[in-house]
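What follows is a short report on a single structure.
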Amino acid sequence: MQDLQKNITAVLEALKYSPENLPLKKHAAQLLIQAGRHEEGILHLEEILEKESDPDTVCLLAQAWYDQGQFRKAQACLQRITGETTAQMLMLAAKIALALEDPQEAADRYEEALERDPSLEDREFREELQQQGVKAKARMKVLEFQKDPSDHDLERPTLTFQDVGGLEQLKENIRMNIIYPFQNPDLFRSYGKKTGGGILLYGPPGCGKTFIARATAGECNAHFVSLDIHQILDFYIGQSEKNLHELFETARRHAPTIIFIDELDAIGGSRQKGQSPHTRALTNQLLNEMDGIHSDNRDILVLGATNTPWFVDSALRRPGRFDRVLFVAPPDLEARVEILHIHLKEKPVEEIDYVKVAKKTDRFSGADLRAVVDTAADMAIREAMKTGQKRPITTSMLIQAVKEVKPSTLEWLSTAKNYATYSNEAGTYDEILKYLNK
Ligand code: ADP
């Protein structure tokens, strides 16, 4: 507190010499408010606004009035903002509206704020809204908040594309199809493009489908929720559909959200494969959720993943559902070099010939490469235990490890080749053929 006082004195002193320095004035106002000297702070902010109309200053002033319990003044102040409103401004508008006993307005602004920045979620405020909302018989939107949002399912991944080696073409595709539309929804909509929907990732196991789905959420700062199909299927009939519905509802409340469904073939398996009535009901529920007839699916993206795309029900591929299908191929030489770098990062290594190792790992998946690194690390640990000295991982350990780990994509590639050659309707598997012909 003493530091704050000293700071204030210094800044006010400096202001005497350059009273026209508006950023300095704003800083002084912020410090004064922080120290509880609201009235003085407000005075400075008003003087700034007489000279320039800056939305951030308006917002500070509105917040100061709000803190003083002057809700009408705070509201009038926010109304002066003409340009784009930020999530913080909307949140403040929501709080002011609630203080002015207008819970519906508060709920609408709160929801808008969360749409832009889900991290502004404020449980206490929501509870207050519920109490007020019930009294005021607010519309459905407010009532929706009353449901238990099972928010624990939501993640905010920190993984980004930098953590995913190779897959450059796929990353570019994801940028165009997912990230840019999420970041610029209005622009994309104005060209008739959609921002949500479904994308199916397919390819051999261990090549990074789950990994890239998580990194996609990290790249666009979206929530991520992963659906565990087997856990959902374990529930008794009727409950699975309800769980699936609740998961989508949670995702909608916290949009933008990426819902990841691994092993999509387990619920969206082709009908010819003979589904049980239980799975069929679940497939239908998934179709209903994706069609979003009764709900707002903007900014909800469903990423499905499967190793067996040929078993995925064709109903799931219709427009509005998983209408974009992307191949996640085994990493090429360049990508393998990158993946080795990623997995060896932060491990004790001797100068490694990455290209040499990568050349010996044709058809290895990303997961196989991780296994190679783990095996080499075990060798280094064994030597360290024997000698009592720290041993780095070396190129020859990695080459030795390559012999112990078998590439896991071969079987998949031979099955995929059959499907791509003999049942490639509408060219769905052209990418596999292109890859195999390389
Ligand atoms: P899939 O979902 O395709 O079966 P995963 O995404 O679960 O495969 O990948 C398994 C593990 O393999 C990941 O957790 C990661 O450690 C490693 N991996 C796979 N692909 C890559 C990649 N492109 N870059 C870095 N690591 C990868």
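Read-outs: derived from the displayed coordinates by stated rules, not from any lab. On a predicted model such as this, the values are computed, not experimentally measured, just so you know. Using ideal geometry, Cβ is built from the backbone for each residue, glycine included, and neighbour counts are taken over all protein chains shown.
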Checked against the positive end of the charge dipole of the chain (+1 on Cβ of Lys and Arg, -1 on Cβ of Asp and Glu, about the Cα centre), the farthest of 320, 87, 18 is 320
Expressed as a whole number of Å, what is the distance separating the alpha-carbon centroids of the stretch 359-430 and the stretch 97-122?
50 Å
Between 314, 240, 53, which gets the highest mean-square fluctuation from a Gaussian network model of the chain, Cα cutoff 10 Å?
53
Which of 333, 396, 373 sits closest to the plus end of the dipole of the stretch 333-404, meaning its Cα is farthest towards the positive end, when Lys and Arg get +1 and Asp and Glu get -1 on the C-beta?
396
Given 332-338, 371-377, the highest-first ranking by average Cβ count within 10 Å works out to 371-377, 332-338
per DSSP, antiparallel bridges as share of beta bridges in the chain, % nearest 5, sits at 10 percent
Expected-Rg normalisation [2.2 N^0.38 Å, Cα atoms] applied to the chain
1.26
Add -39500 (n - 2.57) for each DSSP H run of 4 or more in the chain, then divide by its residues: what number comes out at 222 nm, to the nearest 500 deg cm²/dmol?
-17000 deg cm²/dmol
Simple Cβ-charge dipole of the chain, Lys/Arg +1 and Asp/Glu -1, about Cα centre, in debye nearest 20
1200 debye
In which sequence would 126, 252 go, from the one with the fewest C-beta neighbours within 10 Å to the one with the most?
126, 252
Using a Förster distance of 25 Å, how high is the FRET efficiency between residue 163 and residue 410, based on the Cβ-Cβ distance and rounded to 0.05?
0.45
Longest segment of the chain with no chymotrypsin sites (Phe, Trp or Tyr not before Pro) in a DSSP loop having at most 16 other Cβ atoms within 10 Å?
237-438
Give the residue from 170, 432, 284 lying farthest towards the positive end of the charge dipole for the chain; charges sit on Cβ (+1 for Lys and Arg, -1 for Asp and Glu) and the dipole is referred to the Cα centre.
432
Using Cα pairs closer than 8 Å and at least 6 residues apart in sequence, work out the relative contact order for the stretch 1-124, in percent.
14 percent
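If you add up the charges near residue 68, with Lys and Arg at +1 and Asp and Glu at -1, over every other residue whose beta carbon is less than 14 angstrom from its beta carbon, what do you get? All intermediate terms of the calculation are to be shown ahead of the outcome.
Details: positive: 37, 72, 73, 95; negative: 39, 40, 46, 67.
For residues surrounding residue 68, the net value is 0.
Go through 171/438; 360/438; 209/242 and tell me which ones have a Cα-Cα distance over 22 Å in this structure. Intermediate values should be presented prior to the final figure.
Values: 171/438 20 Å; 360/438 17 Å; 209/242 27 Å.
In this structure, 209/242 exceed 22 Å between Cα atoms.
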Most exposed first by the Cβ proxy, i.e. fewest other Cβ within 10 Å, how do 207, 220, 77 rank?
220, 77, 207
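FRET efficiency for residue 363 and residue 334, Cβ-Cβ distance as r, R0 = 22 Å, nearest 0.05?
0.90
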For 385, 379, 290, which order do you get if you count the other beta carbons within 10 Å of each Cβ and list the fewest first?
385, 379, 290
So which aspartates and glutamates can residue 390 reach, going by Cα to Cα under 19 Å and dropping same-chain residues fewer than 8 places off?
346, 350, 351, 374, 378
How high is the relative contact order of the chain, in percent, counting Cα pairs under 8 Å that sit 6 or more residues apart?
12 percent
Once Lys and Arg are counted +1 and Asp and Glu -1 for all other residues with Cβ under 14 Å from that of residue 343, the total becomes -2
